[in-house]
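Read through the structure below, which is laid out as structure tokens, and then see the notes.
The values are calculated or read from the model by the stated rules, or taken from the named source; none is laboratory data. Just so it is clear, the structure is predicted and the values come from calculations on it, not from any experiment. In this analysis, Cβ positions are derived from the backbone assuming ideal geometry, glycine residues included, and neighbour counts consider all displayed protein chains.
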Amino acid sequence: MKIKKNVAVSDSGFVFNPTTGESFSVNPIGMKIVEMLKKETPTQEISNYILENYETDAPTIDKDLYDFIEMLKQYSLIEENEKA
Amino acid sequence: MEKQRYERPIIKKLESNMPNKFGMRTEYRPMTHIDNVGVKDLINEHGSPLFVISEKSVRDNIRNARKAFETRYPKVQFAWSYKTNYLDAVCRTFHQEGSWAEVVSGFEYDKAIHNGVDGSKIIFNGPDKTEDDLEKAIKNNSLIHIDHLDELYTVRKLAERMDIKAQVAIRVNMDTGIYPMWDRFGFNYENGQAWDALNKIMRSDVMELVGLHTHIGTFMLSPNAYAVAAGKMADLAIGIRDKYGHEIQYIDMGGGFASQNNLKGAYLPGTDINPTIDDFAEAITSALINSNFKPEKLPLLILETGRALIDDAAYLLGTVISNKRLSDGRRSTILDIGVNVLFTSFWYDHKITPAQPFTQHTEDTVVYGPLCMNIDVIRENISLPLLNKGDHVVIQNVGAYNMTQWMQFITLRPRIVMIDLEGNVHVVRERENLQRLLEFEKVPEHLKTFEL
């Protein structure tokens, strides 16, 4: 799973989709996930990274990461031929 | 390396065209303490949800209200509206501050007596006073505010039988230029009902007309309506003086002053648009002073203010049960606070503040309560900071009506604590438990056993 190639991601938390002209804001942890997805990092690795660096637990990450990726799909920011 | 505080990842579409109904972000800093007592500590000690009353705020509010009126008018008396919050601890705080009691049922009357209020300092309002209630009130020299003619005849009959002169006033309803006009309580000013009732009282030997009472509405946003009402009350009082040579002792302007809460549908927050107690005081006292009363004969002004004195003195603490995504993409958050304990969420957009640090990021959220009922919605649209499961929130302005109109429904009613002036926390009402509820129930013999 990866973020579409033409989607622009700024360091300050803005995401721009030139295909639709839509802009998005992302919070810092969301930004980190977007960056990792851009590098095609597997979701399990993303989960592990969050678990190691944040005060939370695996079920919470599992739930929130799934929800976040669903939203990225909803906004057409993920490659269409990719399956979750 | 120390781990960072977790905030769930969010992505928010930026829209620069239409404003949406979720509005702007309203929370900028967490509410971690109430009167210097930690919210987290309160929940750990007393459970969640939890009502918290600040004694300091209650006292500050009544003192400010008294100041607003007493600096403008020579004789002022507040009477605490029991129905707004009749917890003994709250009532007694107001009584310590000099407020009389204003009650609207036999139950509330008995509660005022139980709290040690002298009968002559209890104002008895409302359309439902039983003969037993009225007998008690007549015997105790309480101020009976007659609501309808049936009650007037009952009072007259009882006073004759008891051979005691009942201390009475009538409740007057009137057109003050606002909608809706409350004409279901009392006698109408414009169509002559009020005069009809006053004539009946004045011609009776067993009733003493001591005052006039009105209560023009609730959550009033127009101080001018009170000025109109006070003017009409003064006209009535002066009419009685001229016709019968009888000076009434007081004019009771009732309550209905808005608190700083946010009414549903209001575009701007209550703190920006709702009148202050000074606005109401100015309108009422100016109307009375500018009326035809001689300065030395101004009647006592009674106020039955409830909501405006208690709403911002209480908080409801709660905990996030879960965050969910709805089918249309909206975020929803489930709290352990239901509409059964936060009854006022039906008509207010309550301010919800997280009790722990948060970032500037928010999500458009629907806030639900824990009840398995579709009506259990605390906020339909709110731009809420990101909350995790187990996080705490503080709901503000909950002092009026919630602790009297709440109900035991699906969940049990929680504990209520009061923080005193020294920061000590007192339990003022215990949480309910199953045993307590079962005490009210009886099971018929043939239903006691069953096999499945």
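Please determine, by comparing only the residues of the stretch B:361-373 that are away from chain A (no Cβ under 14 Å) and not in a strand (DSSP E or B), which one is surrounded by the most Cβ atoms within 10 Å (Cβ to Cβ). Only one residue tops the list, namely B:369.
Does residue B:376 satisfy the condition of being modelled with pLDDT of 95 or more and within 14 Å of another protein chain (Cβ to nearest Cβ)? It is false that residue B:376 is modelled with pLDDT of 95 or more and within 14 Å of another protein chain (Cβ to nearest Cβ).
The residue that is nearest to the other protein chains (Cβ to nearest Cβ), among those in the stretch A:60-81 that are aromatic (Phe, Trp, Tyr) and under 16 Å from residue B:7 (Cα atoms), is A:68. All conditions but one from (1) at pLDDT below 85; (2) touching a Pro at 6+ places or on another chain (Cβ under 6 Å) apply to residue B:26; the one that does not is (2). Of all residues being assigned to a helix (DSSP H, G or I) and at the interface with chain B (Cβ under 7 Å from one of its Cβ atoms) in the stretch A:30-59, which is nearest to residue B:388 (Cα to Cα)? Just the residue, please. The selected residue is A:30. Could you tell me which numbered condition residue A:2 fails, if it satisfies all but one of (1) within 15 Å of residue B:6 (Cβ to Cβ); (2) away from chain B (no Cβ under 11 Å); (3) of a type in the set (D, E, K, R)? Residue A:2 satisfies all of (1) within 15 Å of residue B:6 (Cβ to Cβ); (2) away from chain B (no Cβ under 11 Å); (3) of a type in the set (D, E, K, R) except (1). Determine, yes or no, whether residue B:49 is touching a Pro at 6+ places or on another chain (Cβ under 7 Å), buried (at least 20 other Cβ atoms within 10 Å of the Cβ) and not hydrophobic (A, V, I, L, M, F, W, C). The answer is yes for residue B:49. Residues of the stretch A:14-29 that are outside any strand (DSSP E or B) and more than 9 Å from chain B (Cβ to nearest Cβ): A:18, A:19, A:20, A:21. Listed by position, the helices (runs of 4 or more DSSP H) contained in the stretch B:268-350 that have at least 1 residues being touching a Lys or Arg at 6+ places or on another chain (Cβ under 8 Å) are B:277-289.
Applying the criterion of being out of contact with any Leu (no Cβ under 7 Å at 6 or more places or on another chain) and buried (at least 16 other Cβ atoms within 10 Å of the Cβ) to the residues of the stretch A:1-14, the residue that is farthest from residue A:77 (Cα to Cα) is A:13.
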